[in-house]
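Student: The structure under discussion is supplied below as C-alpha cells; questions concerning it will follow.
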Amino acid sequence: MDVVLQQLRHTYAASGLEARTVLMIDDWQAASGAQILLRGVSGSGKTTLLNILAGLLPPTTGVVRCGGQSLYALPENERDRLRATTIGYIFQMHHLAPTLSALENVEMPLVFGRKLNARARTARARELLDSVGLRDFHRHRPMQLSTGQRLRVAVARALAAQPALVLADEPTAALDAESSHAVMDLLQESCRRAGATLIVASHDPALATRFDHVVDLRNGGLHEG
C-alpha cells in the first residue's frame, strides 16, 4: 500500500497553553512495499504521525492517502473498517485487551475483518504466537505476561490480518538484543512476503542498518536520512 501526505499539519492546543505545531509535512510519500525507519528524538512527533497514518487522529489540516484512498475523507465507520482490514499497528504501550487471553487478542483483527471462520482464526493466531516465541502462553492474559511478552503479542496481533500497511511504534524498546532481532526479522520478513509497507518509528540506533530507507523527523518535517 502506498502512502501519500500532502500539506499535513498537526497542532496541539489546550486552554491556557500556547498552541504547538508538531508536524509540518508539505509532500511525502512511501511506495507500496517500502520498509522505512522513522527516526526522531522523544517528543519529535513520531507517535503523532503514526496515529494519523493509522486513521486514529485526524490531522489539523492536510491530506493522508493510503492506497489511493483519502483516509480522512471517509466516514468514521468506513475508516474503522479500513483500519481493521488493511492496517496493522503495534502501539508503544501495546494496548492489549486486558480481559482477553493472548490468543484472543491476536484473533481480534480477524474477528473484525470477518474473512476467516472461527477455526481458521484460532489456527492463524496460534501460528503467530508460536512464531514470536509464545507457544506456551496462549491462555495468559496481558497482566500475566512480561512487558516484552506483551509486545510480542502486539506484534502477532498487528500481523494477523496480513495488512497492507504495518506501523510499529518503538517495537524493540522493551526487548533484549536477541528478542529485538527476532521481532524485527518477523516484522520485516512478514511484510516482505506479503508486499506490505512497513513504517517503524524508533530512536534505536541498532535498527538503522536494517533499513535502506531512513527518514528523520526534525522540526516537524520529514528529511531523508
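Student: For segment 89-205, what is the convex hull volume of its Cα atoms per residue in Å³?
Tutor: Value for segment 89-205: 95 Å³ per residue.
Student: What is the spin-label model distance, in nm, from HIS213 to THR21 if the labels are put 7 Å beyond Cα along the C-beta direction?
Tutor: So the label points at HIS213 and THR21 sit 2.6 nm apart.
Student: With every protein chain kept in the model, how would you rank SER42, SER146 by accessible area, 1.4 Å probe, largest at the top?
Tutor: Order by accessible area, largest first: SER42, SER146.
Student: If you don't mind, another one. To test your reading of the geometry: what angle, between 0 and 90 degrees and rounded to tens, separates the Cα axis of helix 102-113 from the longest principal axis of the chain?
Tutor: 60 degrees
Student: Now a separate question. Suppose every K and R has +1 on its Cβ and every D and E has -1 on its Cβ; what is the size of the dipole of segment 69-134 about the Cα centre, in Debye to the nearest 20?
Tutor: Dipole about the Cα centre, nearest 20: 220 debye.
Student: Further question on the same structure: Using a 1.4 Å probe on the protein heavy atoms, what percent of the accessible area of the chain belongs to carbon and sulfur?
Tutor: Taking all protein chains in place, the chain shows 50 percent carbon and sulfur surface.
Student: While we're on this one: In nm, what is the difference between 0.36 nm times the number of residues separating ASN117 and GLU178 and their Cα-Cα distance?
Tutor: 18.5 nm
Student: With every protein chain left in place, what is the accessible area per residue of the chain in square angstrom, probe 1.4 Å?
Tutor: Ligands and nucleic acids excluded, the figure is 50 Å² per residue.
Student: Here is a further query. Please report the orientation-averaged projected area of segment 13-52, defined via the convex hull of its C-alpha atoms, in nm².
Tutor: 4.0 nm²
Student: Over the chain, consider all pairs of different Cα atoms and compute the Kirkwood hydrodynamic radius from their mean reciprocal separation; express it in Å, one decimal.
Tutor: One decimal place: 17.9 Å for the Kirkwood radius.
Student: How would you order 23-34, 99-110 from highest to lowest mean count of nearby Cβ atoms within 10 Å?
Tutor: 99-110, 23-34
Student: Another question about this same structure. Largest first and in whole Å, give the semi-axes of segment 89-150's equivalent ellipsoid, each being the square root of 5 times a Cα gyration tensor eigenvalue.
Tutor: After scaling each eigenvalue by five and taking roots: 19, 13, 10 Å.
Student: Something else: From the convex hull of the Cα coordinates of segment 20-117, what is the mean projected area in square nanometres?
Tutor: Mean shadow area of the hull around the Cα atoms is 8.2 nm².
Student: Please give the FRET efficiency for ASP130 paired with LEU74, using the beta carbon to beta carbon distance and R0 = 45 Å, rounded to the nearest 0.05.
Tutor: With a Förster radius of 45 Å, E is 0.80.
The values are calculated or read from the model by the stated rules, or taken from the named source; none is laboratory data. Quick caveat, the model's predicted, so the values are computed rather than measured. In this analysis, Cβ positions are derived from the backbone assuming ideal geometry, glycine residues included, and neighbour counts consider all displayed protein chains. The protein model used for the area step is the full one, side chains on, heavy atoms only, and it has no ligands, DNA or RNA in it. Shrake-Rupley method; radii C 1.70, N 1.55, O 1.52, S 1.80 Å.
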